[in-house]
1. Compare A:Q115, A:Q304, A:Q335 in a GNM of chain A, Cα atoms joined below 10 Å, and give the one with the largest fluctuation.
2. How big is the protein assembly as shown by the Kirkwood estimate over distinct Cα pairs, in Å?
3. Let's test the formula: R0 of 25 Å, r as the Cβ-Cβ distance of A:S139 and A:N89. What FRET efficiency results, to the nearest 0.05?
4. In debye, nearest 20, what is the charge dipole magnitude of the protein assembly as shown about its Cα centre with +1 on Lys and Arg Cβ and -1 on Asp and Glu Cβ, if you could check?
5. Looking at chain B only, what percent of DSSP beta bridges run antiparallel? Nearest 5 please.
6. How many nm separate the modelled label positions at A:R152 and B:R270, each set 7 Å beyond the Cα in the direction of the Cβ?
7. Tell me, what is the Rg over Rh of region B:20-104, with Rh the Kirkwood radius over Cα pairs?
8. Just to check I understand the Karplus step: with θ = phi - 60° and J = 6.51 cos²θ - 1.76 cosθ + 1.60, what whole-Hz values come out for region B:135-146, glycine and proline as x?
2 protein chains.
Amino acid sequence: MIKRDLTDPDAAGPVSPAVTLGILGGGQLGRMLALAAARLGIACHVYSDDPDSPAFEVVRRFTCAAYTDVAELARFAESVDLVTYEFENIPPTAVSFLESCRPVLPGGKALTITQDRLSEKRFVTGLGLVTAAFAPVDSLADLVEAVHAVGRPAILKTRRFGYDGKGQVAIVEDSDLGEAWRAIGEAPAILEAFVPFEREASVVAARGADGTVRAFDLTENVHRNHILHTSTVPAGVPEPVQQDALRIAAKIGEGLDFVGVFAVELFVLRAGATSRLVVNEIAPRVHNSGHWTLDGCTVSQFEQHVRAVCGLPLAMPRRLGNVVMTNLIGTEVEQWRELMAEPGAALHLYGKRCARAGRKMGHVTRISLGG
Amino acid sequence: MIKRDLTDPDAAGPVSPAVTLGILGGGQLGRMLALAAARLGIACHVYSDDPDSPAFEVVRRFTCAAYTDVAELARFAESVDLVTYEFENIPPTAVSFLESCRPVLPGGKALTITQDRLSEKRFVTGLGLVTAAFAPVDSLADLVEAVHAVGRPAILKTRRFGYDGKGQVAIVEDSDLGEAWRAIGEAPAILEAFVPFEREASVVAARGADGTVRAFDLTENVHRNHILHTSTVPAGVPEPVQQDALRIAAKIGEGLDFVGVFAVELFVLRAGATSRLVVNEIAPRVHNSGHWTLDGCTVSQFEQHVRAVCGLPLAMPRRLGNVVMTNLIGTEVEQWRELMAEPGAALHLYGKRCARAGRKMGHVTRISLGG
């Protein structure tokens, strides 16, 4: 295979982007990335260790193997022009091996920083942005000290491999710190002050290799049991706060040398007559709170990500109206037939066979056009 | 494999439509059908005799074999719950064999009638609808007689296997009839009077198994070299004419016992201060003039087709604005990078490697929101 210079328009071939995109991870995000790539004539090869990966169903080429299987990773790299990923908790050894064979985008810097809650918080505060008060916790003694510094209520989180509320425990007035420390497996952790937010919001943005940033409109999010329940656009915050959110996203994208789509989760705090924003978390990938763009915007987050990592021009997103995206978690997906018949509702099912509790099975987007 | 009753909501399984859809034909229509099915969690198996089929790239399961290969057709049928098709010129033997194993939708009646221009014209006039004057031609003597009856100018078309202007020859004032007869290979044919149309238009509509019809807005079409060049919505005809077109489509859908998406191509004739419609052709499948629905409507023709054939509720289509869809034919696709950068343009590339003259390589849809 000849490695092509993806930034050279002429080298990409005359009739299409002529790129094969490797995707690490086979969940619904990988599936929707592959579907978006297909619109642009781009073939994908999906790599996942889960034989039931929903993304396998929508591509001609997939590999089902461990992320530690160097021979399979090498074959995968050989078959693609570049690699991206749909989840941030990929073993770093897999990423660094692949980086020795092919471009891996978004780059290693974004992954290294965001895989570790402590380095992420330090990175964000280093940019002059506001986060919750935090302190590193590597022992029970650290935890005692951290609770003194940060105060209660607070949340103890493992530094690595947490998602959807996993690896977290709340420290409230009567919490036993020893118990909390054991609850997260005595793993390297971070204590974060609880932020008394009025709302939660997120910005999903694409950043091109040339530094161009195209953000989608600020999205207001409601979580249930630590899992995203609904995303509403426009978010119910004043225009200056929305602009502030976009500035924060641009700053973070630049700081990470990011190429692709990422999300910044924000807390919106009431501050007198106005609001202020606190950075909660960065997701170095397409994000659940951007699913509304599939039906509610002129371009989806998935297509923007494919464009960005393949060195193609970013599209200019325009929202089609007022949008509410609702996740279908576990058995909620059993309403699919009624949702399919609901006027104005766009349904997405991820093709997962088993509706385990807490599992994201699909989503529905309701749009009021022109809003 | 247990054959499921697709009309029984409970039998389809609780978490998704739980159907595997077989698609005959692997071109861009099959590709876009498979992508639409994937949104609904429906897996597809594509069958085509062309190893370079663009639809193979977006499915996990495909079969590359001749349409006459009964063993492969049987294996294909065994792996799916029902079969649909993306082109009407499938060998009837393949369809009748598959019908003995699985439901094939739209049904055999639609295919039998529309595969033959003569039976199609007789069917349409039998419904009381207007077509161009026509006469069957099975010999040179027939042709001479037909030209007397129909007049010049007229078009001589083979009854079967024509598309994009193939198998057609114009009969003008000085045409030699013997030459024309040889030009179409002396195949069973039909002579159609030339219709002095003002515009060409089409209705794309979905019909469910329960007889529900949901039509997309009337589309105005411009052809170049017998190939669709642009589709514009709304069409530039008065509202009563648009309503008339929808009535014609509903009548044809009912007459064919159609289940799925079909298109009716129409000629719009100036008739004094108003216009009248002449039925040109029926396409018993998703249609190029419906591609605008992918980006310009709340539901695409491809999703509506999947819904209809799988016994799912049809969506209620709503147009998002004024839309122009332009095909990218042959080397026109080489503009893809500029089109990708154009604000308000949605680009689709079909992943074909070679831009032969006259080949549909992709399309671009330009939308003025809220129009």
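1. Ranking A:Q115, A:Q304, A:Q335 by mean-square fluctuation puts A:Q335 first.
2. By the Kirkwood definition, the hydrodynamic radius is 27.7 Å.
3. It comes to 0.55.
4. The calculation lands at about 400 debye.
5. 80 percent
6. 8.6 nm
7. Over the Cα atoms of region B:20-104, Rg/Rh equals 0.92.
8. Using θ = phi - 60°, the values come out as 8, x, 9, 10, 7, 4, 4, 4, 4, 4, 5, 4 Hz.
Rule-based calculations on the coordinates, nothing more; no lab input. Computed from a prediction, not measured in an experiment: that's the story for all the values here. Don't worry about glycine lacking a Cβ; one is built from the backbone with ideal geometry, like all the others, and counts go over all protein chains shown.
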